[in-house]
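Notes follow once the structure below has been shown.
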Amino acid sequence: MVSLQPSSLYSSLTPSNLHNKQLSSKKYAIKSLLQYNRKPQLAGETPRVVVITSGKGGVGKTTTTANIGLSLARFGFKVVAIDADVGLRNLDLLLGLENRVNYTVIEVLNGECRLDQALVRDKRWSNFELLCISKPRSKLPLGFGGKALVWLVDALKDRQDGGCPDFILIDCPAGIDAGFITAITPANEAVLVTTPDITSLRDADRVTGLLECDGIRDIKMIVNRVRTDMIKGEDMMSVLDVQEMLGLPLLGVIPDDSEVIRSTNRGFPLVLNKPPTLAGLAFEQAAWRLVEQDTMQAVLLHEQPKKRGFFSFFGG
Ligand SMILES: Nc1ncnc2c1ncn2[C@@H]1O[C@H](COP(=O)(O)OP(=O)(O)OP(=O)(O)O)[C@@H](O)[C@H]1O
Ligand SMILES: [Mg+2]
């Protein structure tokens, strides 16, 4: 049992893959990973059905879905992002696609439209599509549950028009009630988003148990809204503490960055920003690891050599 008291606050991160090392050697210049002109190697069977979940609300699930989804599309993969946050959907807003959602899954299930009519293709990256379960503020219809979502995922796999997606990302609602159970049912892997605070961690721990009970063994975590200044001042738990508490492999660490809020309000995901921002790069790195089923490590900050610049935040 690991105490909730931060024991090793001075943490930073080291990567376990080559492209991160290349990145850190780039003399602190912020450049997109896409500059390496290589596509990450897709591991595992496709389509990879990944649920993005957290337990606690407002920790960054939808932000993660939007940014990882568009990163995957930029890497060249075919992606469908399903907003399973029924009634409180906002993935369409973050993607700037809110005016283009004419039909939802509910209309598909009612026979009022075809599945391809409910899929909203992103104009920037045509290999990225958004699918909303229902209209904003509507209630989860009776009878809509895990089985309906499994049917939907199967229909996406069997699509004749656009081909089977490489990734189906499911943006999960907060909490652990019916909406959560529905969202995790078709998934075979999960990205658990948490912030480094005890309430988020407790919920994340509970959700990890529920995911495992549901047979989802591949669970990786993203630690979001990390502030190195607060970690150094011992006012925030380190990523290492978070990892020790949850015992999950680390997919990515995202700094707390006002650019995230700006991009949310503009409906323009951060990973598309030019020049790239720190948080945008961190999301892109996490997406790269997701593709290759890779992870990263958190280590103590004082183990790192000095003069590393801000890329030491991501490791190197
Ligand atoms: N790394 C970050 N830095 C700064 N702000 C962030 C960061 N990540 C997320 N946010 C902000 O936090 C808020 C909540 O994010 P988001 O909607 O993605 O969370 P959520 O987990 O999907 O919430 P909900 O549980 O309500 O669905 C947004 O305003 C977003 O801009
Ligand atoms: Mg959300």
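Rule-based calculations on the coordinates, nothing more; no lab input. Being a predicted model, the structure only gives us computed values, none of them experimental. So basically every Cβ, Gly included, is an ideal-geometry build from the backbone, and we count neighbours across all protein chains shown.
Quick notes on this structure:
- Alpha carbon centroid spacing (whole Å) that separates segment 200-222 from segment 68-95: 21 Å
- Virtual spin-label span in nm between Trp151 and Lys135, 7 Å along Cα→Cβ: 2.1 nm
- Sorted largest first, extent of segment 181-288 alpha carbons per principal axis (Å): 42, 34, 23
- Shape class for segment 47-198: rounded, because the ratio a/c of the largest to smallest gyration tensor axis (alpha-carbon atoms, square roots of eigenvalues) is under 1.5.
- At R0 = 41 Å, FRET efficiency that the Cβ-Cβ distance of Arg124 and Glu234 yields, to 0.05: 0.45
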